[in-house]
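A.B. asks: Submitted below is the structure of interest, expressed as structure tokens.
The values are calculated or read from the model by the stated rules, or taken from the named source; none is laboratory data. Remember, it's a predicted structure, so these values are computed and weren't measured experimentally. Positions of Cβ are generated from backbone atoms using ideal geometry, with glycine treated the same way; all protein chains shown enter the neighbour counts.
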Amino acid sequence: MPVYVVVGAQWGDEGKGKVCDFLAGAMDLVVRYQGGANAGHTVVFDDRKIVLHQIPSGILSPRARSVIGNGCVVDPVILASEIRELAAAGVHVGPENLIVSQHAHLVTPLHRFLDEKQNGAIGTTGRGIGPCYTDKAQRSGIRLESLMDGSWRGRMREHGSRHEDFYRVVYGVGYIDVEESIRALEPAVALLQPLIGDTAQVVCDAVSTGGSILFEGAQGTFLDLDHGTYPYVTSSTTTVGGAISGGGVYVHFDRRIAVMKAYATRVGEGPFPTELTDETGRRLREVGREYGATTGRARRCGWLDLSMGRRACMINGFDYVVLTKLDCLSGLPVLRAAVGRASDGTPDYVDMEGWDSSIAGVTSFHELPVEARRYVAFIEEYLCVPVGMISTGPSRSDIIIRKEP
Ligand code: IMP
């Protein structure tokens with residue numbers, strides 16, 4: 001049975017939610033291995049749009065069990081609201097279909113507070129992700145296992161006073177009431193407790209019984225803490241390597257799937273060589289509805305950067321590409337793709353002819369205009385990786401399958 005890993009090839013928001021939702025129907029296990037509520041995976045389900053932040057897209061599949069792995073950080077309040085939203089859409093979430101690692105770390109209100117105060121220049125999502133991973137690396141974080149025996153309250157108090165001391169010295173002001181934070185977390189913690197378990201064992205059991213497993217990456221290759229455009233990155237390993245350490249056990253991936261948008265977007269600060277600040281950039285934003293699923297921020301838009309795409313293939317060992325939002329390029333007379341850099345660092349572009357007609361909802365490659373087919377062929381030739389699927393709209397059914405993964 002197959003084991004797949006799905007990773008964004010750009011700066012996140014490539015459409016991984018739809019791809020994972022599409023693949024999850026045939027999976028026994030769907031595993032998130034890094035990040036937390038900074039992600040925003042939008043899936044369209046029975047005409048309802050659902051944005052999942054921490055829960056894997058597999059939750060919508062009646063067959064799959066979903067796992068939030070040890071490499072993740074979990075905000076119980078946001079998790080509780082996701083569970084409620086799913087219940088309103090008729091999707092029950094309980095220990096039979098969601099298991100959260102006892103080794104994942106707790107995101108506290110203090111982490112969110114510190115993120116807002118300290119990380120403005122990076123343009124983070126404000127979800128406390130960086131401060132929570134900082135505490136983890138400093139060996140002062142709160143693992144979810146402490147929710148099981150109640151020791152999390154004592155740890156919250158220690159954590160509060162440590163940060164409080166630091167904050168008073170550095171900024172001369174105190175922080176919020178820790179007792180109040182504990183009270184605010186209690187109902188969500190009670191909901192989370194029955195979901196906590198040994199997810200490494202769960203993944204190991206699925207591997208050893210030949211189960212089908214999908215590892216679902218969040219953010220994208222160039223937001224990876226090591227491989228991304230540092231310091232404008234997130235605080236976890238978003239690339240394929242992270243799936244092994246953050247998922248729990250060693251696995252062999254039968255497919256390493258890149259999700260790549262047909263153009264580029266980035267939210268937050270940091271370098272973006274192919275960014276378009278002109279009318280074309282604005283048009284891409286409106287046609288592609290490029291507004292953050294987590295924060296609502298307008299995304300920066302630009303041309304596809306294939307030189308970065310090639311690097312993403314090298315780092316992740318991609319052997320299959322899903323190209324998303326090709327429909328959003330319809331109507332642009334000329335399309336550009338960066339294939340290198342000039343000596344001053346500006347992108348070298350290849351120009352290609354665009355197409356006029358709408359391709360929204362097209363499901364067969366041969367129905368695409370010849371210019372769209374050429375665009376796809378150019379991408380696969382440049383990356384030396386096949387484009388196996390092409391997404392032509394937000395629904396599950398708006399997809400061209402050229403080659404099963
Ligand atoms: P953090 O992950 O909230 O610490 O934010 C670090 C950087 O990653 C910021 O530029 C965010 O905008 C970006 N980022 C985090 N999560 C996502 C995502 O799911 N999609 C796109 N960008 C993200």
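A.B. asks: Looking at (1) part of a loop (DSSP other than H, G, I, E, B); (2) away from the ligand (no atom under 16 Å from the Cβ); (3) touching a helix residue (DSSP H, G or I) at 6+ places or on another chain (Cβ under 9 Å), find the lone condition where GLY150 falls short.
C.D. replies: Single failed check for GLY150: (3).
The rows are residues; the columns are (1) at pLDDT 95 or above; (2) in contact with a Cys (Cβ under 6 Å, 6 or more places away or on another chain); (3) surrounded by fewer than 20 Cβ atoms within 10 Å (Cβ to Cβ); (4) assigned by TED's automatic domain parsing to the domain that holds GLY17.
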site: VAL322; (1), (2), (3), (4): yes, no, no, no
site: ALA337; (1), (2), (3), (4): yes, no, no, no
site: GLY340; (1), (2), (3), (4): yes, no, yes, no
site: SER358; (1), (2), (3), (4): yes, no, yes, no
site: GLU367; (1), (2), (3), (4): yes, no, yes, no
site: ARG396; (1), (2), (3), (4): no, no, yes, no
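A.B. asks: Another one. Please find, within the range 32-56, the residue that is nearest to the ligand (Cβ to nearest atom) out of those that are under 17 Å from ILE83 (Cβ atoms) and of a type outside the set (A, V, I, L, M, F, W, C).
C.D. replies: Restricting to residues being under 17 Å from ILE83 (Cβ atoms) and of a type outside the set (A, V, I, L, M, F, W, C), the top hit is GLY40.
A.B. asks: So is ASP351 surrounded by 15 or more Cβ atoms within 10 Å (Cβ to Cβ), among the acidic types (Asp, Glu) and outside the structural domain of ILE50 (by TED's automatic domain parsing) or not?
C.D. replies: No, not satisfied.
A.B. asks: Given the conditions (1) in contact (Cβ under 8 Å) with a residue 24 or more places away in the chain; (2) over 18 Å from PRO56 (Cβ atoms), which single one is not true for PHE215?
C.D. replies: (2)
A.B. asks: Taking the range 1-31 on its own, how many of its residues are touching an Asp or Glu at 6+ places or on another chain (Cβ under 8 Å) and within 12 Å of the ligand (Cβ to nearest atom)?
C.D. replies: 4
A.B. asks: Yes or no: ILE68 buried (at least 20 other Cβ atoms within 10 Å of the Cβ), out of contact with any Gly (no Cβ under 6 Å at 6 or more places or on another chain) and over 21 Å from VAL203 (Cβ atoms)?
C.D. replies: Here the answer is no, as ILE68 does not meet what is asked.
A.B. asks: Starting from the range 299-318, keep only residues that are among the hydroxyl-bearing types (Ser, Thr, Tyr), then list their pairs with residues that are surrounded by 19 or more Cβ atoms within 10 Å (Cβ to Cβ) whose Cβ atoms are within a distance under 6 Å, requiring at least 6 positions of separation or different chains.
C.D. replies: SER307/ALA338
A.B. asks: If I filter the range 213-235 for residues that are among the small types (Gly, Ala, Ser) and surrounded by fewer than 18 Cβ atoms within 10 Å (Cβ to Cβ), do I get at least one hit?
C.D. replies: no
A.B. asks: For the range 98-141, which positions are more than 23 Å from the chain's Cα centre (by Cα) and free of Cβ contacts under 8 Å to residues at least 40 places away in the same chain?
C.D. replies: GLN138, ARG139, SER140
A.B. asks: Anything in the range 230-263 that is in a strand (DSSP E or B) and within 17 Å of the chain's Cα centre (by Cα)? List them, or say none.
C.D. replies: Once the filter is applied, which keeps residues that are in a strand (DSSP E or B) and within 17 Å of the chain's Cα centre (by Cα), the range 230-263 yields ARG256, ILE257, ALA258, VAL259, MET260, LYS261.
A.B. asks: Okay, moving on. Would you mind stating whether LEU323 is farther than 30 Å from THR238 by Cα and either of a type in the set (A, V, I, L, M, F, W, C) or touching a residue at least 24 places away in the same chain (Cβ under 8 Å) (or both)?
C.D. replies: Answer is no for this residue.
A.B. asks: Would you check if there is a residue in the range 96-110 being touching a Lys or Arg at 6+ places or on another chain (Cβ under 9 Å), under 26 Å from CYS204 (Cα atoms) and of a type in the set (Val, Ile, Thr)?
C.D. replies: Yes, the range 96-110 has at least one match.
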